[in-house]
Amino acid sequence: MRLRTFMTSVAAFGAVIVLSIPSPISAAGSKGIGDTCCGGKKCDMNRDRDGDKNGEKMMDKLGLSQEQKKAVDDLRKNRPDPKASFEKMKDIRNKLADELKKDNPDNAILASLNTQLGDLAKEGAQHRIDFLLAVKKIMTKDQFAKFIDMEKNRRDHGPKG
């Protein structure tokens, strides 16, 4: 029984450590146009966050019509704000850390907090999938394929290591 309790505590601690490490996407998001983020190279991959709030450059590269641009903009305006979810996740991570600092952490509380984090992550992933499926309906097959390639490159781009 003690071994199981110990292993659960170790697993929860590992989850806190992993979840508290910022993702490359969130780390890259703080950089501005021309900042270095890729092995010392200058880049503008974060233009969507810093200089091009509506993704105009990307939509132009995709060759979207005005109607398509408006439809994508409408989708973007109506999607859930991720900041609320990020704040909830931050709060849960803080509660996890506080519980782990106790002399005798409660495994039930740790498991509950871990489940809450997982639920928020699933919710965010589902919102992303719903958004991509809606965008797919707006774009042509070629535009969407190029969009997916651009998104993959954007996610793969950023701090290494």
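At a glance:
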| item | result |
| --- | --- |
| Test: residue 105 is part of a loop (DSSP other than H, G, I, E, B) and surrounded by 15 or more Cβ atoms within 10 Å (Cβ to Cβ) | yes |
| Qualifying positions in the range 77-98 - touching a residue at least 24 places away in the same chain (Cβ under 8 Å) and within 19 Å of residue 55 (Cα to Cα) | 79, 80, 82 |
| Selected residue [surrounded by 12 or more Cβ atoms within 10 Å (Cβ to Cβ) and modelled with pLDDT under 85] from 54, 114 | 54 |
| The range 118-147, residues that are closer than 17 Å to residue 70 by Cβ and not aromatic (Phe, Trp, Tyr) | 134, 135, 136, 137, 138, 139, 140, 143 |
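Here is a yes/no grid of residues against (1) more than 22 Å from residue 94 (Cβ to Cβ); (2) free of Cβ contacts under 8 Å to residues at least 40 places away in the same chain; (3) of a type in the set (A, V, I, L, M); (4) touching a Phe, Trp or Tyr at 6+ places or on another chain (Cβ under 8 Å):
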| site | (1), (2), (3), (4) |
| --- | --- |
| 117 | no, no, yes, no |
| 124 | no, no, no, no |
| 129 | yes, yes, yes, no |
| 132 | yes, yes, yes, no |
| 138 | yes, no, yes, no |
| 143 | yes, no, no, no |
| 147 | yes, no, no, no |
| 150 | yes, no, yes, no |
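The values are calculated or read from the model by the stated rules, or taken from the named source; none is laboratory data. Just so it is clear, the model here is predicted, and its values are computed rather than measured. Using ideal geometry, Cβ is built from the backbone for each residue, glycine included, and neighbour counts are taken over all protein chains shown.
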